[in-house]
Amino acid sequence: MITSLGGPVVQVMHQGPLDNEYETLARLGAFARERGLRRAGPHREVRLDPFTAQTPQDTLRTILRDPVV
């Protein structure tokens, strides 16, 4: 868990197709629950690579961040 300007968050870097982010979000949620935390708002996504037709899907990197309490 880290603290951002908006409060505490859990985050993970997802690598691969955007369609597979749901699996990574499920793991992130499990990580939070194991630590007695629960989601406290919408998650945020920070894209580290340009999302273009030329970018290979398996190389896309996205930070997925959930605010927690």
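Here are some notes:
- Helical runs assigned H by DSSP (4 residues or longer) give the chain a calculated mean residue ellipticity at 222 nm of -6500 deg cm²/dmol, each run adding -39500 (n - 2.57) before division by the residue total.
- Label reach from residue 40 (point 7 Å along Cα→C-beta): in segment 47-69, amide nitrogens under 19 Å belong to 64-69.
- Theoretical gain in end-to-end length, residue 51 to residue 27 [0.36 nm per residue, Cα-Cα removed]: 6.3 nm
- Descending semi-axes in whole angstrom, ellipsoid equivalent of the chain, from the Cα gyration tensor: 24, 13, 8
- Point-charge dipole on Cβ atoms (K/R +1, D/E -1) for the chain, about Cα centre, debye to 20: 360
- 0 to 90° range, to nearest 10: angle between helix 21-34 axis and the chain longest Cα axis: 20
- Take each peptide in 24-36, 49-61, count the other Cβ atoms within 10 Å of every residue, and average; sorted highest first, the result is 24-36, 49-61.
Here, each number is a calculation from the coordinates, and none is a lab measurement. On a predicted model such as this, the values are computed, not experimentally measured, just so you know. Cβ sites come from the backbone with ideal geometry, for glycine too, and all protein chains shown count toward neighbours.
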